[in-house]
Structure formats: structure tokens, C-alpha cells
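A.B. asks: Pasting a structure below so you can have a look.
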Amino acid sequence: MIELYYWTTPNGHKVTIFLEEAGLDYKIFPVNISKGEQFNPDFLKIAPNNRIPAIRDMAPADGGEPLGIFESGAILEYLADKTGKFLPKEPRPRFNVLQWLYWQMGGLGPMAGQNHHFVQYAPERIPYAMERYVKETNRLYGVLNKQLEGKEYIAGAYSIADMASYPWVVPYERQQQKLEDFPNLKAWFERMAARPAVQRAYAKAKEVNGTPTVSEDAKKILFGQTAR
């Protein structure tokens with residue numbers, strides 16, 4: 001059994017996609033980040049960075065106590081190793097997958113996230129910031145489009161790199177991007193969307209949070225926290 005501490009964000013979707021693809025037994029514990037539930041002391045014991053997702057593996061391979069893991073990339077890598085799925089064991093193909101997983105974690109996710117913030121949520125429109133992150137998102141789409149030339153999936157075979165990247169491309173319209181400008185990425189996007197496990201993962205999201213909105217009160221919780 002995997003306990004999944006989850007909300008309906010791109011990073012949350014990564015993990016539900018994996019769990020559905022792998023057929024693992026799991027239970028979702030919603031963490032409504034718009035209400036500040038990510039600051040619950042019990043959640044912070046698993047995820048000290050107060051961000052979703054996080055998991056607890058109730059039956060880790062070492063037979064010890066339940067194992068908690070935070071950070072979506074680390075969760076995907078852990079689950080892939082646990083199940084032996086979607087991450088090769090041989091060094092060359094393994095690190096081909098991992099470099100694209102880390103590319104998403106360090107590039108596509110953060111840059112698209114800033115795009116979302118300044119285009120959708122910022123209390124004042126800052127043209128420089130908006131242009132900066134829309135253009136950087138576009139550049140990263142171009143990188144992915146080039147990588148996908150002649151391939152069905154990012155690293156060749158379907159892997160955790162695809163699971164990590166797809167949810168960050170789903171809101172492409174909000175990111176002011178056109179998939180038609182990136183034909184290889186568009187074909188991959190449609191291929192991903194057609195996978196039954198991906199469809200099940202997004203159906204789960206609707207069950208957890210049927211009307212995702214960010215209110216003014218939620219913005220005060222989500223944006224601009226300090227250490228205090």
C-alpha cells in the first residue's frame with residue numbers, strides 16, 4: 001500500500017499517473033493547498049518543504065517502518081525502482097531517462113510554474129516577467145519537440161520522464177503556447193492523453209477536486225510565504 005498525499009496540481013498528477021500505470025495499491029490523502037493543509041504538522045513530518053506530493057510506502061523493501069518521501073522526481077524514481085518499471089536498470093538507458101526527469105524538475109516545471117504565476121495569478125501585471133517566462137516556456141517546448149523527433153516517448157521507451165513532463169504541458173493554453181508550433185511534442189501529447197492510465201489519473205483528480213479555483217484568500221496562502 002502506498003499512501004499518497006496529493007492535490008490536483010501537475011506535480012500531483014505525475015504520481016497518480018505512475019501509480020495507475022504500475023497498478024500499485026494506493027490510497028489518496030487530499031492535502032488542500034488552497035486552505036493551507038500543507039502546513040499541517042503531520043504532513044510536514046513527511047514533506048518538510050510544505051509542498052505536495054509526498055508518499056509513505058507502508059511496505060518498503062527493507063521491511064522496516066513506513067518510508068516517507070517528498071519531491072515528485074524522487075517519488076517517481078523510488079517507485080520505479082520499487083516496481084522495476086519505467087526506469088531501466090542498465091546505466092546508459094537509465095541515465096537517459098533520469099536526465100530528462102531532472103530536466104523537467106529543474107526546467108520545464110519551475111519555468112512553466114513562473115509562467116502560470118505571472119500570467120494568471122500575480123496581483124499586478126509585470127510585462128517583463130510575463131514575457132520572460134512565456135518565452136522560456138516556449139524555448140523548453142522547443143527542446144522537448146527536438147528530443148521527440150523520431151521517438152514515441154521522450155527517452156525512446158515510455159518512462160517516468162514522460163509521466164513527469166506531460167502534466168506540465170497539459171495547461172499549454174494558459175502558458176500561451178500553441179502545440180501546432182511543435183509537431184513532435186503535439187503527437188507525443190496526444191499519445192500520452194490516450195493512455196488509459198493517464199485518463200484514470202486525471203479522473204481521480206476530478207474526484208478529489210471537482211472545481212479547481214484559486215481564490216484571493218488562497219493566493220495569500222499559496223504565494224509569498226516567508227520562513228516564519
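The values are calculated or read from the model by the stated rules, or taken from the named source; none is laboratory data. Note that the coordinates shown come from a computational prediction; the quantities given were computed from them, not determined experimentally. All Cβ positions, glycine included, derive from the backbone under ideal geometry; neighbour counts span all protein chains shown.
A.B. asks: Just to be sure I understand, how many residues within the range 26-43 are within 16 Å of the chain's Cα centre (by Cα) and either charged (D, E, K, R) or part of a helix (DSSP H, G or I) (or both)?
C.D. replies: 1
A.B. asks: Can you say whether residue 151 is in contact with an Asp or Glu (Cβ under 8 Å, 6 or more places away or on another chain) and more than 26 Å from residue 27 (Cα to Cα), as far as the supplied structure shows?
C.D. replies: So residue 151 fails the test.
A.B. asks: Report the residue count in the range 173-204 for those that are in contact (Cβ under 8 Å) with a residue 24 or more places away in the chain and outside any helix (DSSP H, G or I).
C.D. replies: Adding up the residues that qualify gives 6.
A.B. asks: Pick out the one residue from 47, 74 that is closer than 20 Å to residue 225 by Cα, free of Cβ contacts under 8 Å to residues at least 60 places away in the same chain, among the small types (Gly, Ala, Ser) and not assigned by TED's automatic domain parsing to the domain that holds residue 170.
C.D. replies: So the residue among 47, 74 that is closer than 20 Å to residue 225 by Cα, free of Cβ contacts under 8 Å to residues at least 60 places away in the same chain, among the small types (Gly, Ala, Ser) and not assigned by TED's automatic domain parsing to the domain that holds residue 170 is 47.
A.B. asks: With the requirement that a residue be over 12 Å from residue 174 (Cα atoms) and aromatic (Phe, Trp, Tyr), what does the range 115-132 give you?
C.D. replies: Once the filter is applied, which keeps residues that are over 12 Å from residue 174 (Cα atoms) and aromatic (Phe, Trp, Tyr), the range 115-132 yields only 128.
A.B. asks: From the list 204, 219, 186, which residue is closer than 23 Å to residue 25 by Cβ and surrounded by 13 or more Cβ atoms within 10 Å (Cβ to Cβ)?
C.D. replies: On inspection, the qualifying residue turns out to be 204.
A.B. asks: Suppose the filter is assigned to a helix (DSSP H, G or I), in contact with a Ser or Thr (Cβ under 6 Å, 6 or more places away or on another chain) and either modelled with pLDDT of 95 or more or more than 30 Å from residue 221 (Cα to Cα) (or both); does residue 115 pass it?
C.D. replies: The answer is yes for residue 115.
A.B. asks: Considering only the range 1-25, how many residues are within 17 Å of residue 209 (Cβ to Cβ) and outside any helix (DSSP H, G or I)?
C.D. replies: The qualifying residues number 6.
A.B. asks: Out of everything in the range 96-121 that is over 18 Å from residue 74 (Cα atoms) and within 15 Å of the chain's Cα centre (by Cα), what residue ends up being surrounded by the most Cβ atoms within 10 Å (Cβ to Cβ)?
C.D. replies: 112
A.B. asks: Is the range 44-63 home to any residue that is part of a strand (DSSP E or B) and farther than 15 Å from residue 12 by Cα?
C.D. replies: Yes.
A.B. asks: Looking at the range 144-159, can you tell me whether even one residue there is modelled with pLDDT under 95 and not in a helix (DSSP H, G or I)?
C.D. replies: No, the range 144-159 contains no residue that is modelled with pLDDT under 95 and not in a helix (DSSP H, G or I).
A.B. asks: Determine which member of the set 214, 198, 170 is surrounded by 14 or more Cβ atoms within 10 Å (Cβ to Cβ), under 18 Å from the mean Cα position of the chain (by Cα) and farther than 24 Å from residue 93 by Cβ.
C.D. replies: It is 170.
A.B. asks: If you check 93, 88, which single one turns out to be closer than 25 Å to residue 147 by Cα, at pLDDT 95 or above, part of a loop (DSSP other than H, G, I, E, B) and more than 18 Å from the chain's Cα centre (by Cα)?
C.D. replies: Going through 93, 88 in turn, the sole match is 88.
A.B. asks: Which numbered condition in (1) assigned by TED's automatic domain parsing to the domain that holds residue 31; (2) of a type in the set (D, E, K, R); (3) more than 17 Å from the chain's Cα centre (by Cα) is the only one that residue 124 fails?
C.D. replies: (1)
A.B. asks: Take the residues in the range 25-47 that are of a type outside the set (Phe, Trp, Tyr) and touching a helix residue (DSSP H, G or I) at 6+ places or on another chain (Cβ under 6 Å); name whichever of them is surrounded by the most Cβ atoms within 10 Å (Cβ to Cβ).
C.D. replies: It comes out as 31.
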